[in-house]
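> One structure, pasted below without further comment.
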Amino acid sequence: MAETINMPKLGFDMAEGTLVRWLKKEGETVTKGEVLAEIETDKATVEVEASVSGVVRRLLVDEGAVVPVNTPIAIVGSADEAIDEQLSVAGGQSSVVSDQSSVSSEQSSVSSEQLSVSGAAASASAPDRQPAPAMEAAAPPAAGPVKASPLAKKMARERGLDLSQVRGSGPGGRIVRRDIEAALRTVDRGLQTVVSPSTVHRPPSAAEETVALTKLRQAIARRMAEAKSTVPHFYVTHEYKMDALMALRAQVNAYLPEEEKVSVNDFIIRAVALTLRQFPNLNASFAGDKVLRHGAVNIGVAVAVEGGLLTVVCKEADQKSLRQIAAEVKRMAAGARQGKVKPEDIEGSTFSISNLGMFDVENFAAIINPPEAAILAVGSARQVPVVEQGEIKVGWRMKATLSVDHRVSDGAEAAQFLQALAVYLEEPLRLLV
């Protein structure tokens with residue numbers, strides 16, 4: 001029997017997604033698990049897999065359409081079976097998508113007219129000016145965000161240079177340091193023709209700019225504002241002795257190829273997952289007049305991506321070995337940074353970890369990811385002076401702060417969780433057995 005493929009719901013707050021691209025055409029064969037389409041959510045571009053094998057009988061929405069979750073997007077079945085019943089059900093729901101697309105088109109046309117009027121008004125009101133010297137590296141502004149290295153962005157910001165007017169020579173047209181230096185030399189040559197030699201040269205002040213929020217940034221803004229205003233947070237910090245773990249990690253990695261080496265965060269994920277077995281109240285979600293304690297321990301790991309953060313999920317982390325966790329998280333993090341992840345990679349977390357240790361951060365507090373009950377913020381493992389048995393020596397220490405929903409738990413339980421976590425982090429051989 002023909003099956004209807006719906007727009008998946010990725011995360012409890014997802015309402016719609018944009019169908020970016022079809023990877024199969026009508027009449028083509030598709031196997032179960034094969035990628036059928038790419039959709040863009042507030043968080044990332046996600047690959048939608050076919051839930052059944054068969055022939056793509058009908059694609060129900062166009063590329064670029066904004067589609068509400070659970071709306072039919074395709075029908076897959078055998079080549080000769082009737083699909084009238086599926087089409088009749090899908091037809092009513094697809095009309096909603098068409099109506100929304102029409103509204104979006106009208107809004108876009110209004111925006112275009114407003115931009116045209118604004119542009120004409122600006123041209124009419126702008127006084128005549130001497131044209132600025134052209135930059136040798138100048139290029140027509142490209143559509144979308146400008147690709148530039150962090151150093152190039154910093155240099156351009158400090159000198160008030162418009163990155164959209166600089167041609168990038170790095171990979172894929174990325175603007176790098178040498179491009180900024182070349183553009184600045186061109187600007188300086190132009191300034192020397194109109195400025196007296198006796199004038200003191202100072203970098204121009206950076207111009208104000210308005211930056212439109214990406215969908216990911218909008219989602220982060222919405223969710224964090226909601227979390228901070230509706231969830232009563234409290235915070236508990238603990239400092240861990242990391243000498244044994246750092247030594248064990250070095251020993252383990254000595255036997256592994258470069259692409260399979262384990263990180264400190266991999267140890268922490270497994271340690272947290274095992275500790276949560278003892279504290280089911282923190283592996284939970286707040287649900288109005290009740291608390292839902294989850295059976296599976298699914299650890300969400302915050303990954304820094306361009307323009308924000310994306311949480312990938314290590315499912316049943318308490319059931320996996322250290323090497324399994326390391327390989328899985330590495331794969332998902334790479335996909336997140338490339339802008340492509342699978343639906344199952346970013347949904348279903350029951351507890352989250354945010355680790356800023358790689359940025360030399362000593363300590364911080366994270367905002368809870370609703371509806372989860374807690375999140376662990378991890379700082380750097382660093383060598384510091386410590387006192388042991390009355391003597392000062394050098395030791396590895398790491399601070400971690402647990403943020404907890406006070407509607408679900410209290411300070412005593414949070415403190416006990418951090419103490420229990422110390423058993424695994426300070427006796428890390430437990431994580432290998």
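> Sort 229-240, 65-76 for me by packing, meaning the mean count of neighbouring Cβ atoms within 10 Å per residue, highest on top.
Numbers: 229-240: 15.1, 65-76: 20.2.
Result, highest mean first: 65-76, 229-240.
> Give the aspartates and glutamates reachable from K315 as a straight Cα distance under 12 Å; neighbours fewer than 8 places away on the same chain don't count.
E328, E344, D345, E347
> In the range 215-432, what % of DSSP beta bridges are antiparallel (nearest 5)? If you can, show how the numbers build up before the last one.
Details: 34 of 41 bridges.
Around 85 percent antiparallel, to the nearest 5.
> Another question, if that's okay. A 28 angstrom limit on the alpha carbon distance is what I want to check against. Which of K25/K340; K241/K290; K241/K320 exceed it?
On the way: K25/K340 21 Å; K241/K290 37 Å; K241/K320 24 Å.
Over 28 Å apart, Cα to Cα: K241/K290.
> Moving on. Give the cross-link partners of K154 among the aspartates and glutamates, using a straight C-alpha distance below 17 Å as the criterion and excluding same-chain residues fewer than 8 apart.
Candidates past the 8-residue exclusion: D162, D179, E181, E208, E209, E306.
> Rounded to the nearest 5, what % of the DSSP beta bridges within the range 322-433 are antiparallel ones? Spell out each step's value before the answer.
Details: 13 of 17 bridges.
Given both bridge residues lie in the range 322-433, the antiparallel proportion sits at roughly 75 percent.
> How long is the gain from T230 to R382 if the chain were fully straight, where each residue apart is worth 0.36 nm and the alpha carbon distance is subtracted? Don't jump to the answer; show the numbers that get you there.
On the way: separation 152, 0.36 × 152 = 54.72 nm, distance 3.50 nm.
Value of the extension gain: 51.2 nm.
Taken together, the values in this text are just the output of simple stated rules run on the coordinates, not laboratory data. Nothing here was measured: the structure is a model prediction, and the numbers come from that model. We place every Cβ from the backbone using ideal geometry, glycine too, and count neighbours over all the protein chains shown.
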